[in-house]
Amino acid sequence: MTTHTTNPAKQEEFAGRMVQVLNDACLGHLCSLGHRARLFDTMAGLPPSTSDQIAVTTGLDERYVREWLGGMTVGGIVEYTPEDGTYRLPPEHAASLTRAAGPDNLASFMQDLALIGIVEDEVFQAFREGGGVPYSSYPRFQELQAEETARVYDAALIDAVIPLAPGLTERLREGIDSLDIGTGQGHAVNLLAKAFPNSRFRGVDISETGIAAARREAEGLGLQNVRFDVSDTAEVSGDYDLITAFDVIHDLARPAQVLASVAAALRDNGTFLMGDIDASSKLEENLDHPLGPALYTFSVFYCMTVSLGEGGAGLGTVWGRQTAQRMLAEVGFDDVTVRQVDGDILNVYYVARKKR
């Protein structure tokens, strides 16, 4: 019989860490509310203010604002002066919490915590019975995904991501045919269509509401060189010079079939530009990943389980570079470069071509 000796110091240290996990998880939910209610955005532009003043400025209920401020204060996010009862959001903190921070806004990600909570019962059932959770169980997923990707692509898509593929900017200016698979609400496609009016763009997604939102945005921008269609991404049709897939391949039920369809739909000298999670396929190489726990959590609660729910491959969020490169090679992409963009802490970009 094996006996285990407990190290009291190690036990106490771990207990302290778990207390911190609990506190930080709760702060994450409060930060989600602060983002959604624009409390961070408002406080960033205010002098030290009372809860009444903040409530009036935001148009929110003071009692809720005061309790939220209490959590923000004890969590070290907001500064409080008891002498006059005022609260202040330091600019150093606002740089990670406000919409003005663009790609650096981490408060936006905290909204995923509430989404995770909605499906916990269904995920728990999948632990027991297998299978997964259907996409329909995530009422705000596409809205949140659109917000999160827009922060990065508004700042970097045209000037940083597209130039990762040598000569692509010039070809887009001249005029080529481009397809975006799993386009969601189509914001990235509309950005490209606006920046490159000589090129022709198409976005496809299985979500009717997402495609409707994409069409509304395109119409609002007066774009004539873009179209959006409700379509299964595993059945790519047409011939294209550029195909893009941003944070979508690892979510799919049939990723290998989709990649094969992409390879078949590319014209000679065509480019597949795939943005996906920056991680290793080997667990031991993710031990120091700054977003490691978050990525595996998102996988359990969305990416992996939605794919499995469709009877799919269940690649998961952390499928990693090695698996991505292997799967690209298996469908004929023998020229693959992996690139990164400054300020994008989540993704790497695969520039994939087939040698002719």
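Key figures
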read-out: Number of positions in the range 45-60 that are of a type in the set (A, V, I, L, M), under 14 Å from GLY85 (Cα atoms) and part of a loop (DSSP other than H, G, I, E, B); value: 0
read-out: Residue check, ALA324 in contact with an Asp or Glu (Cβ under 8 Å, 6 or more places away or on another chain) and either under 25 Å from PHE201 (Cβ atoms) or not polar (S, T, N, Q) (or both); value: yes
read-out: Some residue of the range 196-210 being in a helix (DSSP H, G or I) and free of Cβ contacts under 8 Å to residues at least 60 places away in the same chain; value: yes
read-out: Test for VAL189: is it in contact with a Gly (Cβ under 8 Å, 6 or more places away or on another chain) and farther than 21 Å from VAL338 by Cα; value: yes
read-out: Residue within the range 307-320 that is in a helix (DSSP H, G or I), under 24 Å from VAL204 (Cβ atoms), in contact with a strand residue (DSSP E or B) (Cβ under 6 Å, 6 or more places away or on another chain) and not charged (D, E, K, R) present; value: no
read-out: LEU30 being at pLDDT 95 or above, in contact with a strand residue (DSSP E or B) (Cβ under 8 Å, 6 or more places away or on another chain), part of a helix (DSSP H, G or I) and not assigned by TED's automatic domain parsing to the domain that holds GLN145; value: no
read-out: Criterion (at pLDDT below 95 and farther than 23 Å from ASP154 by Cβ) met by exactly one of ASP247, ASP268; value: ASP268
read-out: Those residues of the range 212-244 which are out of contact with any Lys or Arg (no Cβ under 9 Å at 6 or more places or on another chain), of a type outside the set (Gly, Ala, Ser) and at pLDDT 95 or above, in sequence order; value: ARG216, GLU217, GLU219, GLN224, ILE243, THR244
read-out: Residue check, VAL123 in the same structural domain as ILE345 (by TED's automatic domain parsing) and crowded, with 16+ Cβ neighbours inside 10 Å; value: yes
read-out: Filtered residue count, the range 330-345, keeping only those that are outside any loop (DSSP other than H, G, I, E, B) and either within 13 Å of MET274 (Cβ to Cβ) or within 20 Å of the chain's Cα centre (by Cα) (or both); value: 4
read-out: Of all residues making up the range 168-223, the number that are over 21 Å from VAL351 (Cα atoms), buried (at least 16 other Cβ atoms within 10 Å of the Cβ) and of a type in the set (Ser, Thr, Tyr); value: 1
read-out: Set LEU252, LEU242: member being assigned by TED's automatic domain parsing to the domain that holds ASN190 and more than 16 Å from the chain's Cα centre (by Cα); value: LEU242
read-out: Criterion: touching a strand residue (DSSP E or B) at 6+ places or on another chain (Cβ under 9 Å) and surrounded by fewer than 20 Cβ atoms within 10 Å (Cβ to Cβ) - qualifying residue of ALA265, ALA260, ALA279; value: ALA265
read-out: Residue count for the range 337-356, restricted to those that are closer than 26 Å to ASP104 by Cα, modelled with pLDDT under 85 and either touching a Ser or Thr at 6+ places or on another chain (Cβ under 7 Å) or not acidic (Asp, Glu) (or both); value: 2
read-out: Residue ranges of helices (runs of 4 or more DSSP H) in the range 110-177 with at least 3 members under 16 Å from LEU308 (Cα atoms); value: 120-129
read-out: Residue check, THR98 touching a residue at least 40 places away in the same chain (Cβ under 8 Å) and not acidic (Asp, Glu); value: yes
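Yes/no per residue for (1) under 16 Å from the mean Cα position of the chain (by Cα); (2) in the same structural domain as GLU310 (by TED's automatic domain parsing):
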| position | (1), (2) |
| --- | --- |
| LEU113 | yes, no |
| ARG128 | no, yes |
| ARG140 | yes, yes |
| GLU147 | yes, yes |
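So that you can scan it fast, the table gives a plain yes or no per residue for (1) within 30 Å of the chain's Cα centre (by Cα); (2) closer than 18 Å to LEU106 by Cα; (3) at pLDDT 95 or above:
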{"site": "GLU13", "(1), (2), (3)": "no, no, yes"}
{"site": "GLY34", "(1), (2), (3)": "yes, yes, yes"}
{"site": "GLY59", "(1), (2), (3)": "yes, no, yes"}
{"site": "THR86", "(1), (2), (3)": "no, no, yes"}
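The values are calculated or read from the model by the stated rules, or taken from the named source; none is laboratory data. What you are looking at is a predicted structure, and each value in this text was computed from that prediction instead of being measured. Virtual Cβ from ideal backbone geometry, glycine too; neighbours counted across all protein chains shown.
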